[in-house]
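Below: one structure, written as structure tokens.
The values are calculated or read from the model by the stated rules, or taken from the named source; none is laboratory data. Computed from a prediction, not measured in an experiment: that's the story for all the values here. Using ideal geometry, Cβ is built from the backbone for each residue, glycine included, and neighbour counts are taken over all protein chains shown. Ligands, DNA and RNA are excluded from the accessible area calculation, which covers all protein heavy atoms including side chains. Shrake-Rupley method; radii C 1.70, N 1.55, O 1.52, S 1.80 Å.
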Amino acid sequence: MEGFPILSLMLLVPLVGAVLCMFVNASTARWVALIATLIDLVLGISLWLNFDIGGAQWQFTERANLFAGFEYALGIDGIALMLIMLSVFLMPICILASWTSVTKRVGEYMAAFLVMELLMIGVFAAQDILLFYIFFEAGLIPMYLIIGIWGGDDRIYASFKFFLYTLLGSVVMLIAMLWMIQEAGTSSIPVLLQYDFPPEAQTWLWLAFFASFAVKMPMWPVHTWLPAAHVQAPTAGSVILAGVLLKLGGYGFIRFSLPMFPEASAQFVWLVFGLSMIAVVVTSLIALVQHDMKKLIAYSSVAHMAIVTAGLFAFNSQGIEGAMVMMLSHGLVSGALFLCVGVIYDRLHTREIARYGGLATNMPRYALFFLLFTMASIGLPGTSGFVAEFISLAGIYQMSSTTTFVLTTGIILGAGYMLYLYRRVVFGEQKNADAAAMPDMNAREWLMLAPVAAAVLWMGVYPESFLAPMRSDIAAIEARIARATPAGDAQLEAGAPRDHAANYMAGEHGSGHGAEGEHGAAEEGGSEGAEH
């Protein structure tokens with residue numbers, strides 16, 4: 001496929017589909033949107049099949065100078081490939097989820113989702129930092145409209161909160177990007193990845209990017225927009241918000257913060273780990289007391305994404321690989337849980353947990369799918385959730401045993417709130433006649449959930465198929481940040497000396513495959529030697 005502009009074609013297809021949706025009736029608009037998203041899915045599969053795992057880092061590259069200082073540059077590595085696949089996989093499912101539930105302004109609704117798909121693919125494929133920023137920020141607009149027009153009763157408040165939170169952080173990031181372009185003399189992301197910014201400037205640049213990516217993830221305490229957005233968004237809006245849009249922050253950390261500002265990333269490991277630990281415990285406890293199903297799943301998303309941030313900043317390949325698998329797994333599982341909520345919401349038009357109960361009696365097929373995704377969220381072996389959590393925590397442990405312990409308690413709490421939710425909805429006595437009379441899943445709903453269930457089990461049984469395309473790119477990031485790797489638990493103290501990290505890197509841990517070498521020797525006489 002050398003020379004074939006497949007990435008541009010993947011951007012063009014949803015754009016054409018969006019324009020067509022604006023000028024046809026509701027029924028036709030649904031089919032146009034579904035066909036457009038399926039075409040992009042086929043193109044994405046072709047992209048994956050033709051990706052050369054042992055080849056160049058950047059593949060399917062396209063370049064065109066649009067005007068002075070701005071270049072239309074596209075290309076992907078293995079990390080971008082997997083996130084693009086997640087996007088094109090979920091989009092047809094979102095269209096199916098909206099098939100009957102959205103009845104007003106259907107053409108505009110479908111057009112908004114197709115524009116969203118275009119912008120998500122653009123974020124992951126952009127190789128120019130200004131082009132990345134345009135795609136990154138433009139993604140706010142269709143989601144703002146989806147929540148604000150087709151959302152619930154408090155949709156205006158939720159949409160404005162979502163928009164303002166995510167926009168304000170990104171303004172600071174734009175200023176940092178302009179400084180970087182002036183400093184390095186280029187806006188090319190591959191070139192910037194190899195450029196060594198001054199350590200004193202890295203601190204401010206890292207903080208500027210952090211202001212945007214932390215909100216997108218979202219990290220505690222700037223996560224408060226997420227529950228409101230999820231509760232008010234239509235089902236498909238929640239799926240794409242949890243499935244892909246939250247991953248833009250993680251992608252930003254792995255694409256910009258870590259490889260471009262390695263010294264600053266090492267300097268702020270204590271901040272990322274601290275916020276991640278707080279997020280896992282606090283949001284898990286909040287999820288335990290929720291009465292709204294969507295709110296419970298939204299808070300669980302914050303807890304799961306905290307493991308992603310900790311894994312990314314573990315400064316070893318295992319942690320970063322685990323974080324990437326966690327992002328893919330969470331995109332599938334959290335999206336599927338929102339779909340499960342949507343299935344029963346379409347029947348009873350309420351998300352109150354107390355209004356259900358005993359659905360295993362009249363909806364056994366639904367109960368089975370809901371059980372699978374609940375167990376995947378908990379991390380049952382054989383599902384994607386187990387693989388993601390195990391690899392992530394194994395990598396995080398090499399950096400901080402304390403953080404690993406706290407994150408593990410969050411996983412235990414996660415089992416508590418997810419099993420509690422499942423028991424109250426699916427088991428128990430049928431106290432409400434309207435819930436007891438609900439029919440089981442129809443063919444369209446089967447078609448929505450079955451592919452996601454297959455992907456969750458596939459990732460849980462054979463994760464190597466997802467890790468293989470990313471492994472060399474993650475190794476390149478590890479090599480880039482190796483010189484700044486912090487020295488385990490000791491480095492999490494704000495005043496830890498910088499030469500400690502240098503001594504640590506003199507050992508075998510520099511390869512990123514273990515915790516031996518100088519690290520072990522340095523800790524022999526330390527207070528935490530016995531623990532390690």
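Output yes when any residue across segment 28-46 is surrounded by fewer than 19 Cβ atoms within 10 Å (Cβ to Cβ) and not in a helix (DSSP H, G or I), and no when none is.
No - not one qualifying residue is present in segment 28-46.
Which condition from (1) part of a loop (DSSP other than H, G, I, E, B); (2) open to solvent by less than 60 Å² (accessible area, probe 1.4 Å) is the one that PHE4 breaks?
Here PHE4 meets the rest and fails (2).
In contact with a Leu (Cβ under 9 Å, 6 or more places away or on another chain), open to solvent by 20 Å² or more (accessible area, probe 1.4 Å) and under 30 Å from ARG30 (Cβ atoms) - does that describe any residue in segment 457-471?
Yes, segment 457-471 has at least one match.
Could you list, in sequence order, all residues of segment 16-40 that are over 13 Å from LEU114 (Cβ atoms) and either out of contact with any Gly (no Cβ under 7 Å at 6 or more places or on another chain) or of a type in the set (Phe, Trp, Tyr) (or both)?
Of everything in segment 16-40, those that are over 13 Å from LEU114 (Cβ atoms) and either out of contact with any Gly (no Cβ under 7 Å at 6 or more places or on another chain) or of a type in the set (Phe, Trp, Tyr) (or both) turn out to be PHE23, ASN25, SER27, THR28.
So, in segment 236-268, how many residues would count as being over 30 Å from LEU96 (Cα atoms) and either more than 20 Å from the chain's Cα centre (by Cα) or not β-branched (Val, Ile, Thr) (or both)? Steps first, please.
Quick first cut of segment 236-268, residues over 30 Å from LEU96 (Cα atoms) only: 253-268.
Now restrict to residues that are either more than 20 Å from the chain's Cα centre (by Cα) or not β-branched (Val, Ile, Thr) (or both): 253, 255-268.
Number satisfying all stated conditions: 15.
Tally the residues that are surrounded by fewer than 17 Cβ atoms within 10 Å (Cβ to Cβ) and touching a Ser or Thr at 6+ places or on another chain (Cβ under 7 Å), restricting the search to segment 72-83.
So the count comes out to 0.
Does ALA487 satisfy the condition of being surrounded by 15 or more Cβ atoms within 10 Å (Cβ to Cβ) and modelled with pLDDT of 90 or more? Working first, answer last.
Details: surrounded by 15 or more Cβ atoms within 10 Å (Cβ to Cβ): yes; modelled with pLDDT of 90 or more: no.
In short, no.
For ALA437, state whether it is at pLDDT below 90, open to solvent by 60 Å² or more (accessible area, probe 1.4 Å), closer than 30 Å to PRO262 by Cβ and more than 19 Å from the chain's Cα centre (by Cα). Show your work before the answer.
Details: at pLDDT below 90: yes; open to solvent by 60 Å² or more (accessible area, probe 1.4 Å): yes; closer than 30 Å to PRO262 by Cβ: no; more than 19 Å from the chain's Cα centre (by Cα): yes.
No; evaluated as a whole, the condition is false for this residue.
Which number in (1) in a loop (DSSP other than H, G, I, E, B); (2) of a type outside the set (Gly, Ala, Ser); (3) under 29 Å from TYR299 (Cβ atoms) marks the one condition that PRO439 misses?
So the condition that PRO439 fails would be (3).
Report every pair of residues separated by at least 6 positions or lying on different chains whose Cβ atoms are under 6 Å apart, first residue within segment 187-211 and modelled with pLDDT under 90 and open to solvent by 60 Å² or more (accessible area, probe 1.4 Å), second in a helix (DSSP H, G or I) and of a type in the set (D, E, K, R).
PRO199/GLU263
Would you mind stating whether TRP31 is of a type in the set (Phe, Trp, Tyr) and under 23 Å from LEU86 (Cβ atoms)? Step through it out loud before you land on a result.
Values: of a type in the set (Phe, Trp, Tyr): yes; under 23 Å from LEU86 (Cβ atoms): no.
Against the criterion (of a type in the set (Phe, Trp, Tyr) and under 23 Å from LEU86 (Cβ atoms)), TRP31 does not qualify.
Pull out all pairs, ordered by first then second residue, where Cβ-Cβ is under 7 Å, the residues are six or more apart or on different chains, the first lies in segment 149-171 and is open to solvent by 30 Å² or more (accessible area, probe 1.4 Å), and the second is at pLDDT below 80.
Listed by first residue and then by second, the contacts come to LYS161/TRP225; TYR165/VAL222; TYR165/TRP225.
Which residue is farthest from the chain's Cα centre (by Cα), if the candidates are limited to segment 351-367 and must be among the hydrophobic types (A, V, I, L, M, F, W, C) and closer than 27 Å to GLY410 by Cβ? Please lay out each step first, then the result.
Here is the first cut: in segment 351-367, the ones among the hydrophobic types (A, V, I, L, M, F, W, C) are 353-354, 359-360, 363, 367.
Filter once more, so that each one left must be closer than 27 Å to GLY410 by Cβ: 353-354, 367.
Details: ILE353: 26, ALA354: 30, ALA367: 26 Å.
Checking each candidate, the answer is ALA354.
Of the numbered conditions (1) in contact with a Ser or Thr (Cβ under 6 Å, 6 or more places away or on another chain); (2) free of Cβ contacts under 8 Å to residues at least 60 places away in the same chain; (3) not aliphatic (A, V, I, L, M), GLU464 satisfies every one except a single condition; which is it?
For GLU464, the failing item is (1).
Give segment 84-117 a look and list any residue that's open to solvent by 10 Å² or more (accessible area, probe 1.4 Å), polar (S, T, N, Q) and at pLDDT 90 or above, or say none.
Hits for segment 84-117: nothing passes.
Pairs, please: C-beta under 6 Å, at least 6 apart or cross-chain, first residue farther than 19 Å from ASP52 by Cα and in segment 70-86, second assigned to a strand (DSSP E or B) and of a type in the set (A, V, I, L, M, F, W, C)?
TYR72/ALA64; TYR72/LEU66
Can you give me the ranges of the helices (runs of 4 or more DSSP H) entirely in segment 151-259 with at least 1 residues that are polar (S, T, N, Q) and under 24 Å from VAL269 (Cα atoms)? Steps first, please.
Values: elements: 155-184, 189-192, 199-216, 225-232, 235-240, 247-252.
Those helices (runs of 4 or more DSSP H) span 155-184, 199-216.
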